[in-house]
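Notes follow once the structure below has been shown.
The values are calculated or read from the model by the stated rules, or taken from the named source; none is laboratory data. What you see is a predicted model; the values in this text were computed from it and never measured. All Cβ positions, even for glycine, are placed from backbone atoms using ideal geometry, and neighbour counts span all protein chains on display. Accessible surface is based on the protein model in full, side chains and every heavy atom, while ligands, DNA and RNA are left aside. Shrake-Rupley method; radii C 1.70, N 1.55, O 1.52, S 1.80 Å.
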Amino acid sequence: MNRFFLRILSVLALLLPLTANAAPVDEYPNGPITAVCTYSVGSQTDVQARICAMPAEKYFGQPIVILNKAGAGGLTGWNWFMDRGSRDGLTMTVYNLPNFIAQSIVKKNAKYSIRTLEPLANFAADPVVLFVSKDSPFNSVSDLVEFARKNPGKVTLNGSGLFVGHHIAL
(Lines give C-alpha, C1' and ligand atoms only; values in the text may rest on other atoms or scores of the structure.)
Protein backbone atom coordinates (compact mmCIF):
# COMPACT_ATOMS: atom_id res chain seq x y z
CA MET A 1 0.00 0.00 0.00
CA ASN A 2 1.18 3.51 -0.85
CA ARG A 3 2.72 5.45 2.14
CA PHE A 4 0.81 8.61 1.28
CA PHE A 5 -2.47 6.68 1.34
CA LEU A 6 -1.53 5.13 4.72
CA ARG A 7 -0.83 8.58 6.17
CA ILE A 8 -4.22 9.83 5.02
CA LEU A 9 -5.95 6.81 6.60
CA SER A 10 -4.01 7.35 9.85
CA VAL A 11 -5.07 11.00 10.05
CA LEU A 12 -8.70 10.08 9.34
CA ALA A 13 -8.59 7.36 12.00
CA LEU A 14 -7.32 9.90 14.54
CA LEU A 15 -10.06 12.40 13.63
CA LEU A 16 -12.92 9.91 13.63
CA PRO A 17 -13.49 9.96 17.44
CA LEU A 18 -13.80 13.77 17.28
CA THR A 19 -16.76 13.52 14.94
CA ALA A 20 -18.69 10.85 16.86
CA ASN A 21 -20.84 13.36 18.80
CA ALA A 22 -20.97 16.06 16.14
CA ALA A 23 -24.39 16.84 14.71
CA PRO A 24 -24.69 16.64 10.95
CA VAL A 25 -24.53 20.02 9.27
CA ASP A 26 -27.87 19.50 7.56
CA GLU A 27 -29.66 19.62 10.96
CA TYR A 28 -29.00 23.35 11.20
CA PRO A 29 -31.10 25.37 11.40
CA ASN A 30 -33.52 23.27 13.37
CA GLY A 31 -36.19 25.94 13.86
CA PRO A 32 -37.37 29.37 12.79
CA ILE A 33 -34.71 32.05 12.50
CA THR A 34 -35.33 35.44 14.09
CA ALA A 35 -33.79 38.55 12.53
CA VAL A 36 -33.92 41.51 14.91
CA CYS A 37 -34.41 44.70 12.93
CA THR A 38 -33.48 47.73 15.00
CA TYR A 39 -35.76 50.05 13.04
CA SER A 40 -39.53 50.38 12.66
CA VAL A 41 -41.75 48.39 10.35
CA GLY A 42 -41.64 49.94 6.88
CA SER A 43 -38.23 51.55 7.35
CA GLN A 44 -35.63 51.00 4.67
CA THR A 45 -33.73 48.51 6.83
CA ASP A 46 -36.94 46.60 7.63
CA VAL A 47 -37.96 46.40 3.97
CA GLN A 48 -34.46 45.26 2.94
CA ALA A 49 -34.44 42.61 5.68
CA ARG A 50 -37.84 41.29 4.56
CA ILE A 51 -36.74 41.17 0.92
CA CYS A 52 -33.61 39.22 1.89
CA ALA A 53 -35.60 36.89 4.16
CA MET A 54 -37.65 35.52 1.25
CA PRO A 55 -34.83 33.71 -0.60
CA ALA A 56 -33.04 32.98 2.69
CA GLU A 57 -36.09 31.03 3.90
CA LYS A 58 -35.81 28.79 0.85
CA TYR A 59 -32.06 28.39 1.39
CA PHE A 60 -32.34 27.53 5.09
CA GLY A 61 -35.62 25.62 4.82
CA GLN A 62 -36.94 27.51 7.84
CA PRO A 63 -39.09 30.62 8.22
CA ILE A 64 -37.30 33.86 9.02
CA VAL A 65 -39.21 36.08 11.41
CA ILE A 66 -38.40 39.80 11.40
CA LEU A 67 -38.63 41.16 14.96
CA ASN A 68 -38.68 44.97 15.02
CA LYS A 69 -37.11 46.60 18.09
CA ALA A 70 -37.00 50.24 17.04
CA GLY A 71 -35.74 53.24 18.95
CA ALA A 72 -32.80 55.59 19.41
CA GLY A 73 -31.46 55.04 15.90
CA GLY A 74 -30.89 51.33 16.50
CA LEU A 75 -29.54 51.52 20.05
CA THR A 76 -32.72 50.04 21.59
CA GLY A 77 -32.75 46.98 19.34
CA TRP A 78 -29.03 46.29 19.47
CA ASN A 79 -28.99 46.57 23.28
CA TRP A 80 -32.01 44.23 23.42
CA PHE A 81 -30.18 41.77 21.17
CA MET A 82 -27.09 41.87 23.39
CA ASP A 83 -29.15 41.45 26.59
CA ARG A 84 -31.83 39.00 25.50
CA GLY A 85 -31.00 37.81 22.00
CA SER A 86 -30.78 34.07 21.69
CA ARG A 87 -27.39 32.41 21.82
CA ASP A 88 -28.64 29.31 20.01
CA GLY A 89 -27.57 30.50 16.58
CA LEU A 90 -31.15 31.05 15.49
CA THR A 91 -31.31 34.76 16.34
CA MET A 92 -29.39 37.39 14.46
CA THR A 93 -29.59 41.14 14.10
CA VAL A 94 -29.63 43.44 11.12
CA TYR A 95 -27.63 46.63 11.37
CA ASN A 96 -26.66 49.68 9.38
CA LEU A 97 -22.91 49.93 9.55
CA PRO A 98 -22.50 53.71 10.03
CA ASN A 99 -25.17 53.82 12.74
CA PHE A 100 -23.84 50.76 14.51
CA ILE A 101 -20.24 51.98 14.58
CA ALA A 102 -20.98 55.62 15.47
CA GLN A 103 -23.40 54.78 18.26
CA SER A 104 -21.16 52.12 19.75
CA ILE A 105 -18.43 54.77 20.02
CA VAL A 106 -20.51 57.78 21.12
CA LYS A 107 -23.28 56.29 23.26
CA LYS A 108 -22.09 55.28 26.71
CA ASN A 109 -25.09 52.96 27.15
CA ALA A 110 -24.34 50.97 23.98
CA LYS A 111 -23.82 47.32 24.93
CA TYR A 112 -22.37 46.46 21.54
CA SER A 113 -19.35 47.30 19.44
CA ILE A 114 -17.53 46.04 16.39
CA ARG A 115 -15.90 43.51 18.73
CA THR A 116 -19.17 42.00 19.99
CA LEU A 117 -20.95 41.17 16.72
CA GLU A 118 -19.71 39.37 13.63
CA PRO A 119 -21.06 40.43 10.23
CA LEU A 120 -22.23 37.52 8.09
CA ALA A 121 -23.46 39.23 4.94
CA ASN A 122 -23.80 42.63 3.35
CA PHE A 123 -27.21 42.61 1.71
CA ALA A 124 -27.79 46.22 0.77
CA ALA A 125 -26.18 49.52 -0.04
CA ASP A 126 -27.72 52.70 1.28
CA PRO A 127 -26.27 55.68 -0.55
CA VAL A 128 -26.74 59.02 1.13
CA VAL A 129 -27.96 61.60 -1.36
CA LEU A 130 -28.07 65.36 -0.96
CA PHE A 131 -31.07 67.00 -2.63
CA VAL A 132 -31.95 70.63 -3.19
CA SER A 133 -35.05 72.15 -4.70
CA LYS A 134 -35.08 72.27 -8.50
CA ASP A 135 -35.16 76.08 -8.41
CA SER A 136 -32.34 76.24 -5.84
CA PRO A 137 -29.38 78.54 -6.50
CA PHE A 138 -27.06 75.66 -5.53
CA ASN A 139 -25.59 73.59 -8.34
CA SER A 140 -22.96 71.76 -6.31
CA VAL A 141 -22.06 70.80 -2.77
CA SER A 142 -19.39 73.50 -2.88
CA ASP A 143 -22.07 76.14 -3.62
CA LEU A 144 -24.10 74.96 -0.63
CA VAL A 145 -21.11 74.82 1.75
CA GLU A 146 -19.93 78.26 0.66
CA PHE A 147 -23.41 79.74 1.27
CA ALA A 148 -23.67 78.01 4.67
CA ARG A 149 -20.30 79.40 5.76
CA LYS A 150 -21.28 82.95 4.75
CA ASN A 151 -24.79 82.64 6.25
CA PRO A 152 -24.66 80.77 9.58
CA GLY A 153 -28.02 79.35 10.64
CA LYS A 154 -29.73 79.84 7.28
CA VAL A 155 -29.34 76.32 5.88
CA THR A 156 -31.65 73.58 7.12
CA LEU A 157 -30.57 69.95 6.83
CA ASN A 158 -32.54 66.82 7.63
CA GLY A 159 -31.68 63.19 8.23
CA SER A 160 -33.03 60.08 9.95
CA GLY A 161 -31.56 60.62 13.43
CA LEU A 162 -28.49 61.23 15.54
CA PHE A 163 -25.37 59.17 14.94
CA VAL A 164 -26.82 57.46 11.87
CA GLY A 165 -25.35 57.48 8.36
CA HIS A 166 -27.19 60.62 7.33
CA HIS A 167 -26.10 62.47 10.46
CA ILE A 168 -22.47 61.46 9.91
CA ALA A 169 -22.65 62.59 6.28
CA LEU A 170 -24.21 65.92 7.23
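See the values below:
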| quantity | calculated |
| --- | --- |
| Heavy atoms of Thr156: accessible area, 1.4 Å probe, square angstrom to 10 | 130 Å² |
| Within-15-Å neighbourhood charge of Trp80 [Cβ basis; K, R +1; D, E -1] | +4 |
| Accessible surface, 1.4 Å probe, highest first, among residues Phe123, Phe100, Phe131, Phe138 | Phe131, Phe123, Phe138, Phe100 |
| q = 0.19 Å⁻¹, the stretch 22-131: log10 I(q)/I(0) [Debye, one scatterer per Cα] | -1.03 |
| Computed label-point distance, nm, for sites Gln62 and Ser40 using a 7 Å Cα→Cβ extension | 3.1 nm |
